[in-house]
Structures are given as C-alpha cells and as structure tokens.
1. Within the stretch 173-185, identify whether any single residue is in contact with a helix residue (DSSP H, G or I) (Cβ under 8 Å, 6 or more places away or on another chain), within 20 Å of GLY44 (Cβ to Cβ), outside the structural domain of ASP103 (by TED's automatic domain parsing) and at pLDDT 95 or above, and answer yes or no.
2. Pick out the one residue from VAL49, VAL100, VAL120 that is in the same structural domain as LEU157 (by TED's automatic domain parsing) and either among the hydrophobic types (A, V, I, L, M, F, W, C) or under 23 Å from GLY195 (Cβ atoms) (or both).
3. Answer yes if at least one residue in the stretch 230-248 is under 21 Å from SER315 (Cα atoms) and among the aromatic types (Phe, Trp, Tyr), and no otherwise.
4. Among the residues of the stretch 252-269, is any assigned to a loop (DSSP other than H, G, I, E, B), in contact (Cβ under 8 Å) with a residue 60 or more places away in the chain, of a type in the set (A, V, I, L, M) and over 21 Å from ALA336 (Cβ atoms)?
5. For the stretch 152-160, does any single residue satisfy the condition of being modelled with pLDDT of 95 or more, in contact with a Phe, Trp or Tyr (Cβ under 7 Å, 6 or more places away or on another chain) and buried (at least 19 other Cβ atoms within 10 Å of the Cβ)?
6. Does MET136 meet the test of being closer than 22 Å to THR191 by Cβ, of a type in the set (A, V, I, L, M) and modelled with pLDDT of 95 or more?
7. Collect the residues in the stretch 125-178 that are without any contact (Cβ under 8 Å) to a residue 40 or more places away in the chain, among the small types (Gly, Ala, Ser) and not in a loop (DSSP other than H, G, I, E, B), keeping them in residue-number order.
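The values are calculated or read from the model by the stated rules, or taken from the named source; none is laboratory data. Because the structure is predicted, anything quoted here is derived from the model rather than measured. Please note: Cβ atoms are built from the backbone with ideal geometry, for glycine as well, and neighbour counts cover all protein chains shown.
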Amino acid sequence: MLKRTPFYDFHVSAGAKLVDFAGWEMPLLYRGIVDEHEQTRRSGSLFDVSHMGRLTFSGKDAQTFLNRVLTRNISDQAVGQSRYSLVCNEDGGILDDIIVSRDMKNWTMVCNASNRAKLVKYFGEFRRSAGLDFDMADNTEATGMVAIQGPRVIDRLAEVLPNDLRALKRYHFETANALFFKVTVFRSGYTGEDGVEIVLPAKTAAMAIKMLAGASTKPDATIKPAGLGARDTLRMEAAMPLYGHELSETLDPLSAGLGWAVDLTKDFVGSVALREIQQAGLKRKLVGLELEGKRIARQGTPLRIDETTVGEVTSGTLSPTLQKSIAMAYVDANHAVEGTQLVADLKGTANPAKIVKLPFYKRAKYSRKREELCQRRPIENISRLTSGIRPRETLSPSASRNLRRMN
C-alpha cells in the first residue's frame with residue numbers, strides 16, 4: 001500500500017494527478033507541467049516534499065559520526081546553518097546527496113526518499129562497528145515538509161510567518177511558533193529560485209497548508225500548488241543533480257562537479273578513493289548540452305564524436321523557460337570542454353549537440369526580460385518535457401506510463 005503525506009487531502013481537493021513515487025502517493029501535476037513551471041519562475045509555487053527523509057542525530061558522538069560519513073567538513077558549521085553534502089561508500093561512489101543542518105541540541109539530515117531506508121541501515125551499522133554514542137531518530141512520517149519557491153514567495157510568506165524571512169540567509173534556518181504549531185523554515189530549495197523549505201508536525205498539516213498556500217485557486221494567486229513534473233524541469237534548468245541520474249553508487253562527486261562539497265583534507269568514508277581519483281585525474285566530467293531542434297535526449301543516450309562514443313546523457317528535457325532541448329551528460333574528460341560539438345544518438349537519428357556552461361538558467365532580479373522568458377508560448381506537448389520526472393529519486397513504471405499518456 002502506498003504511503004500518503006499529511007497533505008494528501010489538499011492534493012485531492014486541488015485536482016492533482018497522483019502517482020506512485022518511491023512508495024508514496026504524490027502529485028505529478030495539478031494544472032500542467034508548463035503552467036506550474038512558469039508559475040514558479042514568475043511568482044511562486046508550493047511543492048509537497050514530505051516523502052523526503054528527515055533524520056535527527058543527537059548525543060555525545062553525533063558530530064563525530066557525521067564528520068566521518070559526510071564529505072563536507074561540519075566541524076565549523078554554525079548553529080542555524082545548513083550545508084549540502086554527500087554520503088559515499090569506500091570506493092567514493094555516492095550513496096546519497098543530503099542537506100545537514102545544525103540546531104542547538106541536534107543535527108537534522110534531509111535525504112532522498114528512495115535512499116532513506118538504505119541510509120538508516122547503514123548509519124546504524126556504522127554506529128555499532130565504530131562504537132559511537134549517539135541517538136538517531138527517523139521523523140519522516142511524524143512531520144510534513146513543503147518547498148515554497150519563486151521570486152515573490154518571501155514577501156508573501158513574510159505576511160503569515162513570524163520569522164523575518166527577508167533577513168534569513170541562504171542555507172540558514174530558524175524555528176518559530178506559527179499560530180498553535182512549531183515550524184522550521186530553511187532558506188533553500190531545488191528549483192533554482194529563491195524560496196524556503198518548511199518542516200512542521202504532521203498533525204498540523206491541514207491547518208498549515210491553508211495558511212501557507214493562501215487563496216491558491218485564484219487565477220492571479222501569488223502561490224499555487226505544483227507537482228513533481230515541474231520540479232524536475234525546474235531543477236534541470238538550474239543544473240541540480242538528481243540521484244539515479246547524475247549521482248549513483250558508481251559515480252563519484254568529483255566527476256559530478258561537486259568537489260566544492262568534498263573536503264579531502266579530512267578523513268571520511270570514501271576519502272582515500274577520492275584522493276586517488278583526484279591524483280590520477282578525472283576520466284569523465286558532468287557537462288551541460290544544448291541540442292539542435294526540440295527532440296529530447298533521454299537518460300542513456302550515447303554521445304559521439306565521429307564514430308567514437310565519448311559520453312552518455314544522464315537527464316534531458318525541453319526547457320519551458322529557454323524553449324531549447326537541454327541535457328546533462330558525462331563526457332570523457334578530454335572532450336568535456338565548453339563549445340565542443342557532439343552528436344546525440346536519438347534512437348538511430350544523429351542529432352547535433354553542443355557542450356554549454358552550467359547552469360542553463362540562473363535566477364536574476366525581477367525584470368521585464370524575466371517576464372518575457374516566463375510568458376513565451378507554452379510548449380504544446382507536455383508529455384515530451386522530461387526524461388523521467390524523478391526529483392532526486394526513482395519514479396515507478398506506472399508513473400512513467402502516466403506521464404507518456406499526458407497531452
């Protein structure tokens with residue numbers, strides 16, 4: 001039986017198309033992927049991300065443990081600060097990418113839904129083998145989590161939340177009481193826009209969603225609900241990696257361009273292997289691609305120069321903002337240079353592609369140009385938009401079939 005988030009009733013009342021996503025019944029879309037994508041870029045959207053794991057660590061050795069399993073050095077992390085990091089295996093492969101936050105008494109980790117059980121098991125085994133003294137709690141099903149993203153959401157939420165959101169720095173968080181419940185507000189997100197991610201008790205979800213979303217059904221609403229489909233196209237434009245595509249247990253963070261989140265001056269699980277990879281030089285690198293035409297390069301699409309295969313696509317979509325076919329791919333390091341011309345093998349058709357700088361889209365201050373980008377003619381066939389609609393984890397086969405049926 002599929003799990004349901006605390007916001008399930010809201011999704012049903014808002015007309016969401018629900019799908020099986022990593023064992024959870026989640027909204028794929030409400031009004032349409034392009035509409036929800038453009039609403040996020042232009043104003044603001046609310047995404048239910050309650051399926052993502054929320055673990056807490058406390059006790060004498062909690063910090064020691066985290067510093068040994070995370071690639072990032074957290075010893076100097078301040079209270080109220082969050083950091084992106086990775087959990088690796090001994091070979092330097094990525095078990096998951098996570099966000100770790102430090103509170104006064106504990107640490108909170110947000111991980112991917114598909115990797116939650118794997119990490120909980122691994123962390124428990126590591127604690128026993130290392131003889132460390134700390135407590136670990138899985139609060140995923142006792143809480144709800146929403147991401148509210150877009151250029152106008154901070155001003156809108158400042159009207160309903162007690163936190164001074166305008167003063168809250170990126171990758172920092174605060175906890176406050178809103179009406180009769182406690183909320184923790186993180187200035188972070190997975191769309192390339194400004195915004196927040198909010199964690200609150202599951203039993204307060206019905207009340208909280210009304211307060212946070214406001215009059216979301218009005219045509220001119222500042223914040224409207226958005227599903228996993230738009231979340232994937234948004235993260236693609238922002239070139240944010242997706243577990244199962246750009247990240248996996250057979251891929252290392254250095255090749256993924258995440259060296260900034262790896263501190264090789266400290267010892268952690270996988271550090272020996274990663275130092276060897278760095279010293280030997282990268283064999284492949286993650287790059288961005290622009291393809292000629294509107295066809296999409298799906299995950300696994302071969303990339304060639306002449307008759308030689310030099311890489312493989314990890315994610316691809318037709319960008320609603322840029323109106324271009326874009327993709328991310330791993331390419332042999334000696335060819336991973338901006339401007340390099342490649343050929344993508346789209347089911348036997350040679351489609352020209354060019355390596356471009358990442359990210360494809362970078363948010364700017366609200367401007368007329370931004371309005372023009374967000375209000376261009378919608379892409380007609382939304383079933384062509386994504387290579388999988390899998391924000392950080394894996395969609396079920398049934399969800400993929402549902403996506404292909406949409407027009």
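1. Yes, the stretch 173-185 contains a residue that is in contact with a helix residue (DSSP H, G or I) (Cβ under 8 Å, 6 or more places away or on another chain), within 20 Å of GLY44 (Cβ to Cβ), outside the structural domain of ASP103 (by TED's automatic domain parsing) and at pLDDT 95 or above.
2. VAL49
3. Among the residues of the stretch 230-248, at least one is under 21 Å from SER315 (Cα atoms) and among the aromatic types (Phe, Trp, Tyr), which makes the answer yes.
4. yes
5. Scanning the stretch 152-160 turns up no residue that is modelled with pLDDT of 95 or more, in contact with a Phe, Trp or Tyr (Cβ under 7 Å, 6 or more places away or on another chain) and buried (at least 19 other Cβ atoms within 10 Å of the Cβ).
6. Judged against the criteria, MET136 is not a match.
7. SER129, ALA167, ALA176, ALA178 - these are the residues of the stretch 125-178 that are without any contact (Cβ under 8 Å) to a residue 40 or more places away in the chain, among the small types (Gly, Ala, Ser) and not in a loop (DSSP other than H, G, I, E, B).
This table checks each residue for (1) more than 25 Å from ARG41 (Cα to Cα); (2) of a type outside the set (Gly, Ala, Ser).
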{"site": "VAL262", "(1), (2)": "yes, yes"}
{"site": "VAL310", "(1), (2)": "yes, yes"}
{"site": "THR314", "(1), (2)": "no, yes"}
{"site": "LEU318", "(1), (2)": "no, yes"}
{"site": "ALA333", "(1), (2)": "yes, no"}
{"site": "GLU338", "(1), (2)": "yes, yes"}
